1. Calculate, for segment 1-58, the solvent-accessible area per residue in square angstrom, rolling a 1.4 angstrom probe over the heavy atoms of the protein chains.
2. Using the alpha-carbon centroid of each, what span in Å lies between segment 85-144 and segment 1-15?
3. Test of understanding: express the Cα radius of gyration of segment 1-79 as a ratio to 2.2 N^0.38 Å, with N the residue count.
4. What is the Cα radius of gyration of the chain over 2.2 N^0.38 Å, N being its residue count?
5. What order do you get for 115-124, 12-21 when each peptide is scored by the mean count of other beta carbon atoms within 10 Å, highest first?
6. Positive end of the dipole of the chain, charges at C-beta (+1 Lys, Arg; -1 Asp, Glu), about the Cα centre: which of A83, V60, A138 has its Cα farthest in that direction?
7. Looking at segment 38-71, which trypsin sites (Lys or Arg not before Pro) are in a loop (DSSP not H, G, I, E or B) and have at most 16 other Cβ atoms within 10 Å?
8. Would you work out the relative contact order for the chain, in percent, from Cα pairs under 8 angstrom that are 6 or more residues apart?
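The values are calculated or read from the model by the stated rules, or taken from the named source; none is laboratory data. For clarity, every value in this text was computed on a predicted model and none was experimentally measured. So basically every Cβ, Gly included, is an ideal-geometry build from the backbone, and we count neighbours across all protein chains shown. Note: areas computed on protein heavy atoms with side chains; ligands, DNA, RNA excluded. Shrake-Rupley method; radii C 1.70, N 1.55, O 1.52, S 1.80 Å.
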Amino acid sequence: MNAKLQGWLRLSNSERWRFVLLLLELPVVSLLLAMIGYSRTRRAIERCSSRAGTRNPTMVELAAAERLAQLATLAGTHGPLRANCLRQSLLTYLLLRRQGFCPALQLGARRQDGQFDAHAWVELEGQALGQADLQHRAFQPRSA
């Protein structure tokens, strides 16, 4: 049996629905980034998810947020539209904010084999979601 089909069959019904929704939502994020850029896309996400920060996640919700980030990665890497980590992270960020959480969208970098390598991810309660082996360091805001 095909590996993708086996992976699909391992998902619960609710995860399958979430995965399909992510497949449909990732092109919207990609289109926004292409049309209005990162800063305006992020501001738009923050405006349409104004409930953010109204509650702290339980352990079960933190595990569900981790799974959401994993599914976003799967949708971005195995879906019909390839979506990089920034697109996946922006969508995860939006969905968690809509649930009333206060996630942090992180942008970072590292040097790998002498090359600059940038990465985006989402943190919730200080936990980097969907990042089994995160080796990037988050950019720090400039001090005044």
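1. On the way: 4100 Å² over 58 residues.
It amounts to 71 Å² per residue over segment 1-58.
2. 27 Å
3. On the way: Rg = 15.0 Å, N = 79, 2.2 N^0.38 = 11.6 Å.
The reported ratio for this selection is 1.30.
4. On the way: Rg = 15.6 Å, N = 144, 2.2 N^0.38 = 14.5 Å.
For the chain, the normalised Cα radius of gyration comes out at 1.07.
5. Numbers: 115-124: 17.3, 12-21: 13.1.
Listed from highest to lowest mean packing, they are 115-124, 12-21.
6. Towards the positive end, the residue furthest out is A83.
7. Values: sites: R40, R42, R43, R47, R51, R55, R67; in loops: R51, R55.
Here the sparse-neighbourhood loop sites are R51, R55.
8. Values: 170 pairs, mean separation 32.7, N = 144.
Taking the mean separation of contacting Cα pairs over the length of the chain, I get 23 percent.
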